[in-house]
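Following: one structure in structure tokens, then a few remarks.
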Amino acid sequence: MEVLSYLSPTSCYLGNSWSKQGGTSLKLLPFCRNRRILCSRIADRRGGFIVLSKKCRVFAKSIDQGHDIKLVKSHNEYKFHDSRVSSGNYNGYVFNGEDEVESVSGSEGSVSSVLIPGLPEESKGENSASVSSCFWEWKPKFTVHYEKAGCENVNAPPVLFLPGFGVGSFHYEKQLKDLGRDYRVWAIDFLGQGFSLPNEDPTLQSKLENMPEDKNSMWGFGEDTEPWAKELVYSMDLWRDQVQYFVEEVIGEPVYIVGNSLGGYVALYFAANNPQLVKGVTLLNATPFWGFLPNPVKSPRLAKIFPWAGTFPLPANVRKLTEAIWQKISDPGSIAEILKQVYADHSINIDKVFSRILEITQHPAAAASFASIMCAPRGKLTFGETLSRCQTNNVPICLMYGKEDPWVRPMWGFQIKRQVPEAPYYEISPAGHCPHDEVPEVVNFLLRGWIKNLESQNSVALPLLDDTQGVLESNIARDVKFMREGSKKAVKVRFLGSQFMPWERIISYVNTHLGKLKLKS
């Protein structure tokens, strides 16, 4: 038996007069054992009754307060259909079970279930969007690799994905293939990363015959800089400009921009400087800081203290350090260990991600590009300043964070939520630093719902909420279920609305972990 609730025209209400300690509680009935019943938002405030519309032609029985709910049987003439098809959206709550009665509550202790679509499975004949790999020459010698899907969806909103550090557009394959069925989708590789590494050495190599062969194979370790690379630094400012020109010249209109980790910071930085090109920003475990050296424009005196800030060629002492570090981090065992850290679910197949990262590390420019990135100056705006500018310019922001991220821990997401309380916050568990690749079904579902909410000017509810007023709720949790390769999977998603108090959540998080430490000791 399934009871579906999908923002459809009202067809059924469940009374909620029974309560404990002032909290509201709704119980769902096993309406029918062999049928699927359409049941829209549970919104009726009258107590003691189960009320269904005349259209449903069902019988309702009065319920005495404090007594068990009685069975309501459906009429045989009622025509059942999947509300997902009739309503045209996927914002639905699904309560499963043959004989079980599940509880829905406004309190934190009770969690309802939601069934969402899985990814398209080509083995079952389900069509996914075709993905094209492309190159765009931004400037001479500055060639950007990107992937795109869904370009035939000419009337659909454009969505641009920005990757985290060390990966590229390939990390968004599950978004391109799925969301590309409904939207026009792009994913780019930042210059100096992924497959946007230079096609030739940015430095002039020494002609000395006794130069070791492996030295000549590493670009960026030469004696002088090529003219085209005189001011090249793989920095936040470069990536911001790269995204700006990509949106203007390739996409050609304002976009919804989504960024993971470093890509989240770049997305905000870009939006803060170009609000006219942004329809909304989604942060996926965005890193709240980047760069160690001061920005020469913002802090010119302080910047002069550091003789080198990511330019080419690398100084001799930096070369030696880079060689030692690169030998370690580019080792296949190290790459595998890092991936193991950032994915909470170790059953996820990450072989393709691993092989792509390993392939990139073999590029002759990879080591020097890594050094340039790590020693590049900070951006002109801090993470907090980019948030403030986005707020001032009314740029919509949505937060989707994996709870088990070992690097960008939950407190960083809560701090963003505190600064931007109106931003919807979705905490996904279990999920690590890359929720879009670990639980793409959930992230894609949330992205679809958020974009629909914005495109409809809030007339369509945010994903996982019953109505547009639900955004004021402080804490709503759902068990989100989906099918993956023939197996049912589930994660918990917690929505934090505009009345959420982040510091209370942080204190709760700290107290929980302190309690665990005490138990261990």
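The values are calculated or read from the model by the stated rules, or taken from the named source; none is laboratory data. What you see is a predicted model, and the numbers here were worked out from it, not measured in a lab. Here the Cβ positions follow ideal geometry from the backbone for every residue, glycine too, while neighbour counts run over all protein chains shown. To get the accessible areas, we keep the full protein, side chains included, count just its heavy atoms, and leave off ligands, DNA and RNA. Shrake-Rupley method; radii C 1.70, N 1.55, O 1.52, S 1.80 Å.
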May I ask you to list pairs of residues, at least six apart or on different chains, whose Cβ atoms are under 7 Å apart, with the first in segment 166-181 being on the phi > 0 side of the Ramachandran plot and the second being part of a helix (DSSP H, G or I) and not small (G, A, S)?
G166/I357
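To keep it simple, each residue is scored yes or no on (1) open to solvent by less than 10 Å² (accessible area, probe 1.4 Å); (2) of a type in the set (K, R).
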{"site": "F370", "(1), (2)": "no, no"}
{"site": "A376", "(1), (2)": "yes, no"}
{"site": "R389", "(1), (2)": "no, yes"}
{"site": "P406", "(1), (2)": "no, no"}
{"site": "G413", "(1), (2)": "yes, no"}
Test of understanding: among L302, L293, which residue is open to solvent by 40 Å² or more (accessible area, probe 1.4 Å), among the aliphatic types (A, V, I, L, M), under 21 Å from T386 (Cβ atoms) and over 23 Å from the mean Cα position of the chain (by Cα)?
L302
Please list, ordered by first then second residue, the pairs with beta carbon atoms under 9 Å, 6 or more apart or interchain, first in segment 212-223 and part of a loop (DSSP other than H, G, I, E, B) and open to solvent by less than 60 Å² (accessible area, probe 1.4 Å), second modelled with pLDDT under 80 and of a type in the set (F, W, Y).
none
Qualifying residues in segment 331-368 (those that are assigned to a helix (DSSP H, G or I) and among the charged types (D, E, K, R)) - the one least open to solvent (accessible area, probe 1.4 Å):
R356
Which count do you get for residues in segment 251-274 that are open to solvent by 40 Å² or more (accessible area, probe 1.4 Å) and farther than 18 Å from N295 by Cα?
3
Of the conditions (1) out of contact with any strand residue (DSSP E or B) (no Cβ under 9 Å at 6 or more places or on another chain); (2) β-branched (V, I, T); (3) in contact (Cβ under 8 Å) with a residue 40 or more places away in the chain, T392 fails just one. Which one is it?
(3)
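I'd like the full set of residues that are in a helix (DSSP H, G or I), acidic (D, E) and more than 21 Å from L339 (Cβ to Cβ), limited to segment 137-188. Full working, then the answer.
Step one: list which residues in segment 137-188 are in a helix (DSSP H, G or I), which gives 169-179.
Checking which are acidic (D, E) leaves us with 173, 178.
Answer for segment 137-188, where residues must be in a helix (DSSP H, G or I), acidic (D, E) and more than 21 Å from L339 (Cβ to Cβ): just D178.
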Which of the helices (runs of 4 or more DSSP H) found entirely inside segment 406-521 contain at least 3 residues meeting this: more than 17 Å from T282 (Cβ to Cβ) and at pLDDT below 95?
410-419, 502-520
Can you run down the residue pairs with Cβ atoms below 9 Å, 6 or more apart or on separate chains, where the first is in segment 231-254 and closer than 13 Å to W136 by Cβ and the partner is surrounded by 16 or more Cβ atoms within 10 Å (Cβ to Cβ) and hydroxyl-bearing (S, T, Y)?
Q242/S196; V243/Y269; F246/Y146; V250/Y146
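Which members of segment 314-327 meet the condition of being open to solvent by less than 30 Å² (accessible area, probe 1.4 Å) and in a loop (DSSP other than H, G, I, E, B)? Reasoning before the result, please.
Of the residues in segment 314-327, the ones open to solvent by less than 30 Å² (accessible area, probe 1.4 Å) are 314, 318, 322.
Hit for segment 314-327 is L314, nothing else.
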Could you list, in sequence order, the residues of segment 144-166 that are surrounded by 24 or more Cβ atoms within 10 Å (Cβ to Cβ) and either under 23 Å from E231 (Cα atoms) or within 16 Å of the chain's Cα centre (by Cα) (or both)?
V159, L160, F161, L162, P163, G164
Working only within segment 440-465, note down all residues that are farther than 20 Å from P396 by Cβ and either open to solvent by 10 Å² or more (accessible area, probe 1.4 Å) or basic (K, R) (or both).
none
Name every residue in segment 131-143 that is at negative phi and open to solvent by 60 Å² or more (accessible area, probe 1.4 Å), in order of residue number.
S133, F135, E137, K139, P140
Cβ pairs under 6 Å, 6+ apart, first in segment 323-349 and farther than 14 Å from F165 by Cβ and in contact (Cβ under 8 Å) with a residue 40 or more places away in the chain, second open to solvent by less than 50 Å² (accessible area, probe 1.4 Å) and of a type in the set (A, V, I, L, M)
W326/A367; A344/A431
Restricted to segment 305-346, and to residues that are at pLDDT 95 or above and aromatic (F, W, Y), which residue is nearest to D437 (Cα to Cα)?
Y343
Quick one: which residue in K279, K298 is touching a strand residue (DSSP E or B) at 6+ places or on another chain (Cβ under 7 Å) and in contact (Cβ under 8 Å) with a residue 24 or more places away in the chain?
K279
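With respect to A286, is the statement that it is in a helix (DSSP H, G or I), small (G, A, S) and open to solvent by less than 10 Å² (accessible area, probe 1.4 Å) true? Write out each step before concluding.
Working: in a helix (DSSP H, G or I): no; small (G, A, S): yes; open to solvent by less than 10 Å² (accessible area, probe 1.4 Å): yes.
Considered against the rule, which asks whether it is in a helix (DSSP H, G or I), small (G, A, S) and open to solvent by less than 10 Å² (accessible area, probe 1.4 Å), A286 comes out as no.
Residue by residue, here is whether (1) among the acidic types (D, E); (2) within 19 Å of V266 (Cβ to Cβ) holds:
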| site | (1), (2) |
| --- | --- |
| K380 | no, yes |
| L387 | no, yes |
| C390 | no, yes |
| N394 | no, no |
| Y401 | no, yes |
| P410 | no, no |
| R418 | no, no |
| E422 | yes, no |
| V439 | no, no |
